[in-house]
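Asker: Below is one structure. I have some questions about it.
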Amino acid sequence: MKNLLFLPLIIPLATAVLGLLAWNQRKFQRIAGICSTALLSVTAVLLLLEVQQHGILSAQAGNWPAPFGITLVADTFSALMLLATGLMGLCVTVYSLADADSDQEARGYHPLLQVLLLGICGSFLTGDLFNLYVWFEVMLIASFVLLALGGKREQMEGAIKYVALNLIASALLLAGIGLLYGVTGTLNMAHLAIRLQEMPHTGTIPVIAVLLFCAFSIKAAVFPFYFWLPASYHTPPIAVITIFSALLSKVGIYVLIRVFTLIFPQETITGQPLILGAAGLTMLFGALGAIAQPELRRLLSFCVVSQIGYLLMGLGLMTPLALAGSIFFMLHIMAAKSALFLTSGVVARMSGTTMLKELGGLYKRYPLLAVLFLVPALSVAGIPPLSGFWGKLALVQAGLQSEQYLLVAMALGVSVLTLYYLVTAWIALFWKNQPADAEKLHHLPAVRRGQMIVPALLLALVSLVAGLLPEPLFRLCHIASEQLLNNDAYIKAVLGVTQ
Amino acid sequence: MESMLAVVIGGLYAAGMYLMVRRSIVKMIFGLALLGNAANLLIFTVGRLTRGRPPHVPADGVLSALPVADPVPQALILTAIVIGFGVQAFALVLIKRVYQTVGSDDQDVMVTENQGQEKLGQEEER
Amino acid sequence: MHSLILATAIRLLLPLMLLFSLFLLLRGHNEPGGGFVGGLVVAAAFALYTLAHGEKEGRRMLRVAPLQLVASGLLIALTSGLLPLLAGLPFLTALWSAVPAPVIGHAGTPLLFDLGVYLLVAGMSLLIIFTLMEEN
């Protein structure tokens with residue numbers, strides 16, 4: 001069953017290759033994309049079951065024994081993230097059937113999406129720090145091209161900012177990895193964990209930790225490195241932003257949690273005030289930025305930043321409850337946020353604009369669409385029966401247990417701000433009267449509308465169900481956080497020995 | 001040798017950062033390339049410098065007693081160079097496209113004209 | 001910009017460089033060389049030809065679209081990784097033929113992988129070079 005671990009890499013890669021070979025067959029590319037993401041989700045479910053039954057899995061690429069070869073590892077956390085990747089990929093691919101225009105498809109939209117998924121799956125599975133860098137670059141190259149695809153003027157501006165900032169992050173990451181190898185002589189994450197436990201944590205090791213923290217923070221859009229995200233995420237088509245906001249920044253957070261619980265637990269504890277400060281300020285500045293935006297996509301981009309703060313909060317607190325809360329919140333935010341993005345994409349398609357001022361009155365004609373926007377919006381804000389509430393509750397509880405009252409106050413305050421700006425946006429889109437000089441609404445054909453609405457509906461339902469029945473998912477998150485905080489099982493799975 | 005390389009690496013980082021904050025996107029790409037090279041040289045230096053001892057077993061299978069070079073940093077640098085090559089090539093294509101659509105390589109021009117266009121568009125709609 | 005010297009030289013250089021790239025590819029397993037360098041030499045050969053005769057002629061000389069080279073390279077590399085799965089070994093494990101083949105010595109999946117890299121690198125570099133040299 002160990003070969004199961006390779007499937008999340010093989011499936012998207014093979015699909016991308018097939019897509020490249022059949023460059024002009026768009027229909028084939030579309031079907032292949034849907035099959036691939038569906039298969040990916042199934043594989044992730046199998047992996048999750050396998051990990052629950054047999055504990056953490058590992059496999060050695062090329063049969064080179066760890067720590068010399070490249071190890072792939074799946075624990076509960078990575079299996080959950082893989083499942084989310086598969087489902088998000090599926091939703092976005094279906095949505096793209098209606099949203100991607102023929103020009104984008106002709107330039108290889110579907111194969112690129114698969115390459116992006118390949119990079120994401122690789123980052124979730126790898127147990128080797130340098131391999132992680134390679135997957136990051138795979139992901140970045142695919143995302144650069146997806147951002148610039150279409151070649152509109154404003155898109156170019158966003159792409160340049162994205163390229164520059166992410167390449168700086170890559171350079172920092174590379175320097176950090178090089179220094180870490182110089183100090184420890186290994187790059188296998190489990191091996192690194194053992195080696196670093198034996199060393200005094202003075203001199204270069206905290207510096208390396210800070211370098212890596214900065215590199216991953218840029219990727220995850222954490223304060224003070226978040227500014228590139230709203231500057232570039234508002235330009236490309238909605239389907240592309242959805243997958244970026246759902247997966248790319250979450251990969252940054254995933255890696256932060258993985259590296260700082262496994263390799264640098266000491267630095268996480270000594271650096272707690274810094275991490276918590278960054279978390280609180282990320283929430284606050286994201287929310288304040290969102291309030292000031294007159295445009296829907298920019299508003300949602302700032303909202304993405306704001307939610308990243310909550311995810312980082314769990315890492316800073318470093319208790320089982322906090323990490324479980326973070327993981328739950330991460331899954332919740334992927335579903336709810338993407339439902340918001342996709343619904344606003346439908347709105348933008350129909351009204352031809354995303355300026356809040358020029359929109360309005362949609363409730364009268366499309367009441368269902370209004371509900372589809374409102375439910376995930378309330379979920380993101382953390383209103384009780386929905387999934388966001390439980391994630392925030394766990395984080396707040398963990399914060400109170402660790403006596404971080406200021407941070408808890410910030411988290412709660414930002415929730416109120418989130419509720420304010422999302423409801424304002426909802427009113428602007430659906431409730432207020434349509435401005436007199438607004439353009440007429442484009443009516444979408446039923447099939448296209450279905451292709452756009454069904455994914456959004458599915459994601460909103462996930463958020464609703466996870467909110468009504470949080471118990472099973474939360475238990476999984478708890479297992480994941482226990483595995484993160486007890487390194488022994490991970491190290492044993494990779495190296496075959498206990499420390 | 002290490003200290004000399006350290007100075008070179010520092011110089012590369014400084015030059016790269018300086019170029020990155022210039023307004024011209026061409027210079028920005030050069031800055032990115034320098035940053036990547038600085039990181040590669042850094043890996044090379046922290047991986048211990050050994051002179052004239054290639055890390056492979058000779059055909060007769062006899063290993064010399066002297067220390068040989070560590071192959072891992074070399075493999076890392078090679079991979080990083082290859083990846084850097086790909087990313088920089090993409091960035092070059094991107095700036096060519098930008099230059100074609102915007103007609104300038106100045107980032108300020110790009111941003112202000114975009115805002116100008118947005119305003120213009122709004123006024124037209126009014 | 002037409003250069004008579006380059007145009008004449010490239011007629012001789014192109015086949016030589018292609019041969020040299022194959023040599024690099026085949027000696028790559030134990031000696032300096034390999035698919036990556038070989039692919040770059042191929043790309044350099046066609047890039048020189050393109051410099052001498054223009055982008056359209058370059059594309060015509062290559063005959064296949066660079067993107068197809070990339071795709072087939074990836075496909076070959078992926079196949080070399082999938083073959084050991086059939087033998088029950090992990091992804092990308094090296095399988096070697098028992099009998100040495102003439103000229104190339106022991107053949108195996110690493111050579112197949114290298115061939116994939118060779119095509120991929122040549123295709124990718126040429127894709128970028130042609131895109132940058134397009135006139136418009």
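Asker: For the stretch C:86-93, indicate whether the set of residues that are of a type outside the set (A, V, I, L, M), in contact with a His (Cβ under 9 Å, 6 or more places away or on another chain) and either within 28 Å of C:A7 (Cβ to Cβ) or modelled with pLDDT under 85 (or both) is non-empty.
Answerer: We begin by selecting, within the stretch C:86-93, every residue of a type outside the set (A, V, I, L, M); these are C:88, C:90-91, C:93.
Checking which are in contact with a His (Cβ under 9 Å, 6 or more places away or on another chain) leaves us with none.
No, there is no match, as no residue in the stretch C:86-93 is of a type outside the set (A, V, I, L, M), in contact with a His (Cβ under 9 Å, 6 or more places away or on another chain) and either within 28 Å of C:A7 (Cβ to Cβ) or modelled with pLDDT under 85 (or both).
Asker: Here are some conditions: (1) at positive phi; (2) buried (at least 24 other Cβ atoms within 10 Å of the Cβ). A:L342 meets all but one. Which one does it not meet?
Answerer: (1)
Asker: Against the definition (of a type in the set (A, V, I, L, M), at pLDDT below 90 and within 27 Å of A:V183 (Cβ to Cβ)), how does B:V62 come out, yes or no?
Answerer: No.
Asker: Which of (1) open to solvent by 10 Å² or more (accessible area, probe 1.4 Å); (2) on the phi < 0 side of the Ramachandran plot does A:S326 not meet, given it meets every other one?
Answerer: (1)
Asker: Next question, about the same structure. Within the stretch B:12-25, take every residue that is part of a helix (DSSP H, G or I) and modelled with pLDDT under 90 and give me the one that is farthest from B:Q107 (Cα to Cα). Step through it out loud before you land on a result.
Answerer: Residues of the stretch B:12-25 that are part of a helix (DSSP H, G or I), as a first pass: B:12-20, B:25.
Going one step further and asking which of them are modelled with pLDDT under 90, we end up with B:20, B:25.
Values: B:M20: 12, B:I25: 7 Å.
By that ranking, first place goes to B:M20.
Asker: Right, here's the next one. Which residue, of A:M199, A:M189, is open to solvent by less than 20 Å² (accessible area, probe 1.4 Å), away from chain B (no Cβ under 14 Å) and of a type outside the set (K, R)?
Answerer: Residue meeting the stated conditions: A:M189.
Asker: Continuing with the same structure: Might you check whether a residue that is under 30 Å from A:K2 (Cα atoms) and either away from chain A (no Cβ under 14 Å) or not hydrophobic (A, V, I, L, M, F, W, C) (or both) occurs anywhere in the stretch C:122-135?
Answerer: Within the stretch C:122-135, not a single residue is under 30 Å from A:K2 (Cα atoms) and either away from chain A (no Cβ under 14 Å) or not hydrophobic (A, V, I, L, M, F, W, C) (or both).
Asker: With respect to C:S80, determine if the residue is under 22 Å from A:N63 (Cβ atoms) and of a type in the set (S, T, Y). Step through it out loud before you land on a result.
Answerer: Numbers: under 22 Å from A:N63 (Cβ atoms): yes; of a type in the set (S, T, Y): yes.
Answer is yes for this residue.
Asker: Which of the helices (runs of 4 or more DSSP H) contained wholly in the stretch A:271-376 include at least 2 residues that are at pLDDT 90 or above? Talk me through it step by step, then tell me what you get.
Answerer: Working: elements: A:272-291, A:296-317, A:320-351, A:362-365.
Ranges flagged: A:272-291, A:296-317, A:320-351.
Asker: B:L5 fails exactly one of the following numbered conditions: (1) in contact with a Leu (Cβ under 8 Å, 6 or more places away or on another chain); (2) within 11 Å of chain A (Cβ to nearest Cβ); (3) within 23 Å of A:Y181 (Cα to Cα). What is the number of that condition?
Answerer: (2)
Asker: Moving on. Which members of the stretch A:235-282 meet the condition of being of a type in the set (G, A, S), more than 13 Å from the chain's Cα centre (by Cα) and farther than 18 Å from A:G345 by Cβ?
Answerer: A:G271, A:G277, A:A278, A:A279, A:G280
Asker: Going through B:L49, B:L78 one at a time, which residue ends up being closer than 16 Å to A:L179 by Cβ and either more than 10 Å from chain A (Cβ to nearest Cβ) or of a type outside the set (A, V, I, L, M, F, W, C) (or both)?
Answerer: The unique qualifying residue is B:L49.
Asker: Hey, does the stretch A:121-133 have a residue that's more than 9 Å from chain B (Cβ to nearest Cβ) and in a strand (DSSP E or B)?
Answerer: Yes.
Asker: Checking C:S72 against (1) open to solvent by less than 20 Å² (accessible area, probe 1.4 Å); (2) at pLDDT 90 or above; (3) closer than 17 Å to C:L111 by Cβ; (4) polar (S, T, N, Q), only one condition comes out false. Which one?
Answerer: Tallying (1) open to solvent by less than 20 Å² (accessible area, probe 1.4 Å); (2) at pLDDT 90 or above; (3) closer than 17 Å to C:L111 by Cβ; (4) polar (S, T, N, Q), C:S72 fails exactly one: (1).
Asker: Here is a further query. Based on this model, can you work out whether A:I120 counts as β-branched (V, I, T) and either open to solvent by 10 Å² or more (accessible area, probe 1.4 Å) or modelled with pLDDT under 90 (or both)?
Answerer: Spelling it out, it is not the case that A:I120 is β-branched (V, I, T) and either open to solvent by 10 Å² or more (accessible area, probe 1.4 Å) or modelled with pLDDT under 90 (or both).
Asker: Looking for whichever is at pLDDT below 90 and either out of contact with any Asp or Glu (no Cβ under 8 Å at 6 or more places or on another chain) or surrounded by fewer than 12 Cβ atoms within 10 Å (Cβ to Cβ) (or both) here; the options are B:G36, B:G52. Which one fits?
Answerer: Step by step, each of B:G36, B:G52 is checked, and only B:G52 is at pLDDT below 90 and either out of contact with any Asp or Glu (no Cβ under 8 Å at 6 or more places or on another chain) or surrounded by fewer than 12 Cβ atoms within 10 Å (Cβ to Cβ) (or both).
Asker: On the basis of being of a type in the set (G, A, S), in a helix (DSSP H, G or I), under 19 Å from the mean Cα position of the chain (by Cα) and over 24 Å from A:S326 (Cα atoms), does A:S96 make the cut?
Answerer: Yes; evaluated as a whole, the condition is true for this residue.
Asker: May I pose another question? Across the stretch A:133-161, what is the total count of residues that are surrounded by fewer than 24 Cβ atoms within 10 Å (Cβ to Cβ) and in contact (Cβ under 8 Å) with a residue 60 or more places away in the chain?
Answerer: Residues in the stretch A:133-161 being surrounded by fewer than 24 Cβ atoms within 10 Å (Cβ to Cβ) and in contact (Cβ under 8 Å) with a residue 60 or more places away in the chain: 8 in total.
Asker: For the stretch A:88-109, what are the residues that are over 21 Å from A:I453 (Cβ atoms) and either buried (at least 21 other Cβ atoms within 10 Å of the Cβ) or touching a residue at least 60 places away in the same chain (Cβ under 8 Å) (or both)?
Answerer: First, pick out the residues of the stretch A:88-109 that are over 21 Å from A:I453 (Cβ atoms): A:102-103, A:106-108.
Selection gives A:S102, A:A106, A:G108.
Asker: What's the number of the only condition in (1) of a type in the set (G, A, S); (2) surrounded by fewer than 19 Cβ atoms within 10 Å (Cβ to Cβ); (3) within 18 Å of the chain's Cα centre (by Cα) that C:S125 fails to meet?
Answerer: C:S125 satisfies all of (1) of a type in the set (G, A, S); (2) surrounded by fewer than 19 Cβ atoms within 10 Å (Cβ to Cβ); (3) within 18 Å of the chain's Cα centre (by Cα) except (2).
Asker: Out of A:P320, A:P273, I need the residue that is surrounded by fewer than 24 Cβ atoms within 10 Å (Cβ to Cβ), touching a His at 6+ places or on another chain (Cβ under 8 Å) and more than 30 Å from A:L359 (Cβ to Cβ). Which one?
Answerer: The match here is A:P320.
Asker: Something else about it: Would you mind stating whether A:A38 is farther than 24 Å from C:G81 by Cα, open to solvent by 10 Å² or more (accessible area, probe 1.4 Å) and part of a helix (DSSP H, G or I)?
Answerer: In short, no.
Asker: In a helix (DSSP H, G or I) and under 30 Å from A:A22 (Cβ atoms) - does that describe any residue in the stretch C:92-108? Can you show your working first?
Answerer: Applying the first criterion (in a helix (DSSP H, G or I)) to the stretch C:92-108 yields none.
No, the conditions are met nowhere in the stretch C:92-108.
Asker: Which of the residues that make up the stretch C:94-116 are in contact with a Phe, Trp or Tyr (Cβ under 9 Å, 6 or more places away or on another chain), within 14 Å of chain A (Cβ to nearest Cβ) and either surrounded by fewer than 19 Cβ atoms within 10 Å (Cβ to Cβ) or within 23 Å of C:L48 (Cβ to Cβ) (or both)?
Answerer: Answer for the stretch C:94-116, where residues must be in contact with a Phe, Trp or Tyr (Cβ under 9 Å, 6 or more places away or on another chain), within 14 Å of chain A (Cβ to nearest Cβ) and either surrounded by fewer than 19 Cβ atoms within 10 Å (Cβ to Cβ) or within 23 Å of C:L48 (Cβ to Cβ) (or both): C:A94, C:G108.
Asker: Could you pull out the residue among B:L92, B:L66 that is of a type outside the set (K, R) and either open to solvent by less than 50 Å² (accessible area, probe 1.4 Å) or assigned to a helix (DSSP H, G or I) (or both)?
Answerer: Just a single option satisfies the conditions, and that option is B:L92.
Asker: With respect to A:N63, determine if the residue is within 14 Å of another protein chain (Cβ to nearest Cβ), of a type outside the set (A, V, I, L, M), farther than 18 Å from A:D128 by Cβ and surrounded by fewer than 17 Cβ atoms within 10 Å (Cβ to Cβ).
Answerer: The answer is no for A:N63.
Asker: Testing C:L24 on (1) surrounded by fewer than 17 Cβ atoms within 10 Å (Cβ to Cβ); (2) at pLDDT 90 or above; (3) farther than 26 Å from A:I10 by Cα, one condition comes back false. Which one is that?
Answerer: (1)
Asker: Between A:L299, A:L359, which is in contact with a Ser or Thr (Cβ under 6 Å, 6 or more places away or on another chain), within 30 Å of A:A446 (Cβ to Cβ) and open to solvent by less than 20 Å² (accessible area, probe 1.4 Å)? So that I can check it myself, show each step before the final result.
Answerer: On the way: A:L299 fails: in contact with a Ser or Thr (Cβ under 6 Å, 6 or more places away or on another chain).
Sole residue among the options that is in contact with a Ser or Thr (Cβ under 6 Å, 6 or more places away or on another chain), within 30 Å of A:A446 (Cβ to Cβ) and open to solvent by less than 20 Å² (accessible area, probe 1.4 Å): A:L359.
Asker: Which number in (1) open to solvent by less than 30 Å² (accessible area, probe 1.4 Å); (2) touching a Gly at 6+ places or on another chain (Cβ under 7 Å); (3) closer than 22 Å to C:M124 by Cβ marks the one condition that C:F91 misses?
Answerer: (3)
The values are calculated or read from the model by the stated rules, or taken from the named source; none is laboratory data. Note that the structure is predicted; figures quoted are calculated from it, not measured. A quick note on method: Cβ atoms are made from the backbone with ideal geometry, for glycine too, and the neighbour counts reach across all protein chains shown. Just the protein is used for accessible areas: all its heavy atoms, side chains included, with ligands, DNA and RNA removed. Shrake-Rupley method; radii C 1.70, N 1.55, O 1.52, S 1.80 Å.
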